[in-house]
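What follows draws every value from the coordinates through simple rules; no lab data is involved. Being a predicted model, the structure only gives us computed values, none of them experimental. Counting neighbours? That spans all protein chains shown, and the Cβs are built from the backbone with ideal geometry, glycine included.
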Amino acid sequence: MVRPSRRGLLLGASAALLARPFAAAAQAPLRIEITEGVIEPMPFAAPAFVADTPAAEDLAARITQVMVDDLVGTGLFREIPRQAHLGRIGNFDAPVQFADWRAINAQALITGAVGVNGDAVSARFRLWDVFAQAPLGEGLRFDGSTATWRRLAHKVADAVYSRLTGEGGYFDSRVAFVTESGPKATRRKAIAVMDYDGANPVTLTDGSALALGPSMARSAQQILFTGYESGKPAVYLIGAGGGGRRAMASTGEISLAGGFAPNEAQALFSVSKGGASNIYLVDLGSGQARALTQGSAIDTAPTFSPDGGQIVFESDQGGTQQLYVMPAGGGAGVRISFGEGRYATPQWSPRGDLIAFTKIVGGRFHIGVMRPDGSGERLLTASYLDEGPSWAPNGRVLMFYRETPGEAGGPQIYTVDISGRNLRRVPTAGFASAPSWSGLLA
Amino acid sequence: MRGTRIAAAALVLGLALGACARAPIDTGAGFSGTPGAGALDGSAGFGTGPVTGGVLPGSTIGDTVQFAVDQTTLSPQAIGLVDAQVGWLLANPGAIEIEGHADERGTEQYNIQLGARRAAAVRDYMVSRGVPDGRIGTNTFGRARPVATCADESCWSQNRRAVTVVAGGAGV
């Protein structure tokens, strides 16, 4: 586990704040407003974190690099290359020579140090507002093990991101997805998990039976998925480490996994009987299921609002797939999608402000967002097949998959800002689809 | 070759249903077999290998009906073929499973449900024609098991299908 600790690193936040008025009169606080469309990424410098001992040098370099990759990967920040640096940080506690960093136009400076003691690793960092010549927040220290060193880097990056944007971070998080291999007509699909950046992938099912559509709990502790182990699609629950696998009893002919309730003790399934599919709320402990929709339509892909009070799902009750919102207890759904085309796979933002979806129109697939009342629809991507958006823990980024056409085609996982900018592929070993993003890890 | 198959299917239909007044099956549009691919020369070899749509065991009755985009109702052509399948089922014992499939132009989860509904449509029709409900199981694979992999309608139409799979027989 990674534990934040402030021991011994308090920089005197009040003193820093007292120093600010002088600078604040000259400029606004160092802050990137990510809602306003960042055209020019904020330049920052991140000299290699100082190794407390020679044994820590390798990890110090790697932690620095992962942290830099996290920040640059957002599209909001630009790293000033090391070779352009004039200043050197050889001692984490020595005063910073701001002139050296101002001269290369670094607006933010990240300094850090890494200590290794056996399997224990600690990473400390400070964030500096170069032009204000002041620290931005307190120094922080994170403790972990050598096996979780990437999490330490993500924790530092999350703290930096959070201070510079005012938003929560999203780097220290996990993603459940489907790893795919083999020819298109007989493709093997297995459930896997990875870090948000594609690192540390672990396959959880053996691929002998089709496994589809994982839903990751926000705690990242468990995963629901749809598996064909019995020959027919049914819902399985599995621990994020691969243990505790359990088949959930089905009340119909087939059942598909939807989203977890916020309490993670219940989840939504779509259950099919006689060609009609309805939404069920299932208690994961007892298996007890309660129908929330009734009828002959295909109601499927249900997920909860973050407060657990509402459910968004897709239904073809009006003739084609459209998005509906209903109370968590069931009852009349209100249609919220009214644009051209079909709408599917709705996912409520953890911030509550938007619903992401797949839209099919004019033979193209899009990832889009709209407000929960259906207003403000914006399409963020377009391709032959874009599908299955899943929210970053901070509700600012979406992960989805894009499948290329034809015999040799296959899916890859991407991220995109809710602004539609900064489309990036998440590196995976082979074809990968159906990402489901956890919340920020504890 | 297609003509041979249709004639045979019509013959089986006639035998199974007696003096049926139903019009002859007019086209092969309900079949997903590939004309000229050698699949109709005889019954040997079915059930193995990458045959795009097979036949019911010991017959020339196609095992696959196709559907229009995002539709689950049986076309007249599909009904003609399912009628022939019903004839075969009434003459042969054993359980079957109807597998529903979809093309890749819909989302995964919806397509699984769409496949389930296609399978149910075939089952319901068979039951209405006298096949005992208990003999017919259904399953769905959505878009996960295409028989044709190109990126245009010529392939998508083949993948929007329901396949009648005889337990222990062809088409598995």
Provide the FRET efficiency to the nearest 0.05 for the A:Asp373-A:Asp283 pair, computing r from the beta carbons and using R0 = 25 Å. 0.25
Could you point to the residue in A:Gly144, A:Val156, A:Tyr170 farthest towards the positive end of region A:95-212's charge dipole, with +1 and -1 charges on the Cβ of Lys/Arg and Asp/Glu respectively? A:Tyr170
Karplus-derived 3J(HN,Hα) from phi for region A:375-388 (6.51 cos²θ - 1.76 cosθ + 1.60, θ = phi - 60°), whole Hz, x at Gly and Pro, runs 7, x, 4, 9, 9, 9, 9, 7, 6, 4, 7, 10, 8, x
For A:Ala153, the net charge from surrounding residues (Cβ-Cβ under 11 Å; K, R +1; D, E -1) works out to -2
Distance (nanometres) between label positions extended 7 Å along Cα→Cβ at A:Ser145 and A:Ile39: 5.0
Please report, to two decimal places, log10 I(q)/I(0) for chain A at q = 0.08, 0.12, 0.13 Å⁻¹ as given by the Debye formula with identical point scatterers on the Cα atoms and no solvent. -0.50, -1.00, -1.13
Relative to the compact globular guide of 2.2 N^0.38 Å, what is the alpha carbon radius of gyration of region A:28-151, as a ratio? 1.06
With only Lys, Arg, Asp and Glu charged, each at its Cβ (+1 for the first two, -1 for the last two), find how big the charge dipole of region A:28-167 is about the Cα centre; round to the nearest 20 debye. 140
Fully extended contour minus Cα-Cα distance, from A:Asn263 to A:Thr404, at 0.36 nm per residue: 47.1 nm
Across region B:75-90, in residue order, what do the Karplus-derived ³J(HN,Hα) couplings come to in whole Hz, using 6.51 cos²θ - 1.76 cosθ + 1.60 with θ = phi - 60° and x for Gly and Pro? 6, x, 5, 5, 4, x, 6, 5, 4, 5, 4, 4, x, 5, 5, 6
Potential extension, A:Tyr384-A:Ala332 segment - 0.36 nm per residue separation minus Cα distance: 15.3 nm
Kyte-Doolittle mean at least 0.0 and Cα axial length at least 15 Å: DSSP H helices in chain A: A:13-26, A:57-73
Amide H of B:Ile61 versus every other amide H placed in the peptide plane: which residues, excluding those fewer than 5 positions away on the same chain, fall under 5 Å? B:Leu56
Would you pull out the residues with amide H under 5 Å of A:Leu292's amide H, same chain only if 5 or more places away, H placed 1.01 Å from N? A:Ile279, A:Tyr280, A:Leu281
When Lys and Arg each count +1 and Asp and Glu each count -1, what net charge do the other residues less than 12 Å away from A:Val416, Cβ to Cβ, add up to? +4
So, in Å, what gap is there between the alpha-carbon centers of region A:247-271 and region B:88-124? 22
Neighbourhood charge, 12 Å Cβ-Cβ cut-off, centred on A:Glu253 and excluding it, Lys, Arg +1 and Asp, Glu -1: +3
Take peptides A:268-281, A:183-196, B:123-136 and line them up by average Cβ neighbours within 10 Å, highest first, as a rough protection proxy. A:268-281, A:183-196, B:123-136
What's the magnitude of the charge dipole for chain A around its Cα centre, counting Lys and Arg as +1 and Asp and Glu as -1 at the beta-carbon? Answer in Debye, nearest 20. 180
Which residues in region A:114-128 have a backbone N closer than 12 Å to a point placed 7 Å from the Cα of A:Thr53 along the Cα-to-Cβ line? A:115-122
On full extension of the chain, what length is gained from A:Lys273 through A:Thr186, given 0.36 nm per residue of separation minus the C-alpha to C-alpha distance? 28.7 nm
Round to a whole angstrom and tell me the spacing of the C-alpha centers of region A:150-212 and region A:386-442. 10
Return the percentage of antiparallel bridges among DSSP beta bridges fully within region B:50-172, rounded to the nearest 5 %. 60
Suppose each label sits 7 Å from its Cα in the direction of the beta carbon; what would the B:Ala167-A:Ala99 distance come out to in nanometres? 8.9
